[in-house]
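Student: Sharing a structure here in C-alpha cells format.
Just so it is clear, none of the values below were taken in a lab; they were calculated from the coordinates. Small disclaimer: the values here were computed from a predicted structure and weren't measured. Positions of Cβ are generated from backbone atoms using ideal geometry, with glycine treated the same way; all protein chains shown enter the neighbour counts.
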Amino acid sequence: MSAPLADPLAEAKQAARKAAFARRRAAHDADPGTGAGRLSELLAGHRGVPVAGYMPIRTEIDPLPAMAEAAAYGPVSVPVIEAQGQPLRFALWEPDMALVEGAFGARIPEAPEFVTPEILIVPLVGFTRAGARLGYGGGFYDRTLAGLRRAGPVLAIGFAYAAQEAEALPFDPNDQPLDLIVTEREVIVPG
C-alpha cells in the first residue's frame, strides 16, 4: 500500500502558520496595547455601520476596546461557529453582556440575536501588504466573506500585530483578500 500523496499547498500553509504563530506570540508578549486605538480611529469614520469584531483567543490582538467604542454608535456583533464547513453567523454583542463559551474557546452571547455586518474585523495568523490573509485553516472567514460579498458590499479589516506580516503567503482560489489591515503601527491599504 502506498503512502498518501502530500498536498504541497496545505504543507506550505502549515509551515507559514507555524512561523506566523511564533511571530504573533512574541508580539503579543511585547504588546503595548496601542492596536485597539488605531482600530478605533479607523472605525470612527464608519459610525453606525454594523460591525463584526471577535472575542480574542490565545495570542490574538485584542479588538475589545475598539468594539466597545463602536457599540456606542451602532450594532456590533461577534462570530458564532454553528458547524464545521459552514459560514459564520454574527450575534449582537455589547460590553459586559452575558457570554458563554463557544466553539474553539471563543466567547459568544448567551442568547444570540443574529445580524448581518457590513464591516468585519478579521482575526488572522499572518498577512501580506497585498491583502492576503492566513487564518487557522478552517475556512470560516473565507466562506463567510465570499457569501457576504456576493450579497453586497462588505469591508474586511484584518487586525493583527505588525510582526504577523509576511513577505508572501500560500494562496488558493478560496482565500478571500482583506480590504485593509490595521496593526499597532499603521493602517495598510493593499494595492
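Student: With a cut-off of at most 13 other beta carbons within 10 Å, and DSSP calling the residue loop, which GluC sites (Glu not before Pro) in the stretch 118-191 qualify? Please list them.
Tutor: Values: sites: Glu118, Glu165, Glu167, Glu184, Glu186; in loops: Glu118, Glu167, Glu184, Glu186.
Here the sparse-neighbourhood loop sites are Glu167, Glu186.
Student: Continuing with the same structure: Using alpha carbons only, how many degrees (0 to 90, rounded to 10) separate the axis of helix 140-151 from the longest principal axis of the chain?
Tutor: Tilt relative to the chain: about 60 degrees.
Student: Give me the net charge of Arg133's neighbourhood, meaning all other residues with Cβ under 9 Å from the Cβ of Arg133; Lys, Arg count +1, Asp, Glu -1.
Tutor: Values: positive: none; negative: Asp142, Asp175.
Net charge in that neighbourhood comes out at -2.
Student: Sticking with this one: Just one of [x] 9; [y] 13; [z] 34 is percent of Cα pairs over 31 Å apart as worked out from the coordinates here. Which one is it?
Tutor: [y]
Student: Additional query: Find out how many positive minus negative residues lie around Leu39, taking Lys and Arg as positive, Asp and Glu as negative, among other residues whose Cβ is under 11 Å from that of Leu39.
Tutor: Working: positive: Arg38; negative: Glu41, Asp62, Glu69, Glu184.
So the environment of Leu39 carries a net charge of -3.
Student: Determine the percent antiparallel among the DSSP beta bridges restricted to the chain, to the nearest 5. Each step should come with its number before you reach the end.
Tutor: Numbers: 14 of 26 bridges.
Bridges in the chain are about 55 percent antiparallel.
Student: Given the peptides 169-180, 125-136, 24-35, arrange them by the average over their residues of other C-beta atoms within 10 Å, most packed first. Before the final figure, lay out each step's value.
Tutor: Numbers: 169-180: 16.3, 125-136: 20.3, 24-35: 13.9.
The packing order, highest mean first, is 125-136, 169-180, 24-35.
Student: Restricting to DSSP H runs of at least four residues, report the calculated mean residue ellipticity at 222 nm for the chain, -39500 (n - 2.57) per run over all residues, nearest 500 deg cm²/dmol.
Tutor: Values: 4 runs with 51 residues, N = 191.
So the calculated ellipticity at 222 nm is -8500 deg cm²/dmol.
Student: Something else about it: If you average the C-alpha positions of the stretch 120-191 and of the stretch 74-107 separately, how far apart do those two centres end up, in angstrom?
Tutor: Cα centroid of the stretch 120-191 versus Cα centroid of the stretch 74-107: 19 Å apart.
Student: Net charge near Gln86, counting Lys/Arg +1 and Asp/Glu -1 over other residues with Cβ under 15 Å of its Cβ?
Tutor: Result for the neighbourhood of Gln86: 0.
Student: Could I ask something else about it? Over the chain, calculate the relative contact order: mean separation of alpha carbon pairs under 8 Å at least 6 apart, over the residue count, as a percent. Walk me through the numbers before you get to the answer.
Tutor: Values: 381 pairs, mean separation 44.6, N = 191.
Here the relative contact order equals 23 percent.
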